[in-house]
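Engineer: Submitted below is the structure of interest, expressed as structure tokens.
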Amino acid sequence: MMSATMFLLIVACALVTWLPRILPFVFVRSITLPTVVMRWLSYIPICILSALVLSNLFHNNGRFVTLHWDLFFAFIPTVIVALWTKSLSITVMVGIIAMACVRYFATAF
């Protein structure tokens, strides 16, 4: 059984999570942003994706930064396909297949 306090806590957490994500779209929808701002905003997705990929590709073991070789071998064909096709869905499929092959051959031998 859920108490009223727990229910209100869940609703408040949902609002705190939802509002910062939705409010910027509500405010920006009614105005036209300058070209410079739109160009700057266009770089945000690639910056976030690069940060996520590179933080997983490299590992800090305390003294040195090392490369995760298994991830690197899946990363190379994925980047080549991404640059060649410019298609997110094909890139994701190649990345999944490449990682599956790397994990299969890493455990097979």
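The values are calculated or read from the model by the stated rules, or taken from the named source; none is laboratory data. Remember, predicted model here, so these are calculated numbers, not experimental data. Neighbour counts run over all protein chains shown; Cβ positions are idealised from the backbone, glycine included. Accessible surface is based on the protein model in full, side chains and every heavy atom, while ligands, DNA and RNA are left aside. Shrake-Rupley method; radii C 1.70, N 1.55, O 1.52, S 1.80 Å.
Engineer: So with the 1.4 Å probe, I'd like the accessible area per residue for the chain, rounded to whole Å².
Structural biologist: Roughly 87 Å² per residue, with all protein chains present.
Engineer: Given a 1.4 angstrom probe, I'd like the percentage of the accessible area of the chain that is carbon and sulfur, rounded to a whole number.
Structural biologist: 77
Engineer: Still on this structure, please answer the following. For the chain, what does the relative contact order come out to in percent, with C-alpha contacts under 8 Å and a separation of six or more?
Structural biologist: The normalised contact order for the chain reaches 14 percent.
Engineer: Additional query: Quick check on packing: order 96-105, 29-38 by the mean number of other C-beta atoms within 10 Å, highest mean leading.
Structural biologist: Averaged packing, sorted descending, gives the order 96-105, 29-38.
Engineer: If I fit a long axis through the Cα atoms of helix 44-57 and take the longest principal axis of the Cα atoms of the chain, what angle between them do I get, 0 to 90°, rounded to 10?
Structural biologist: 50
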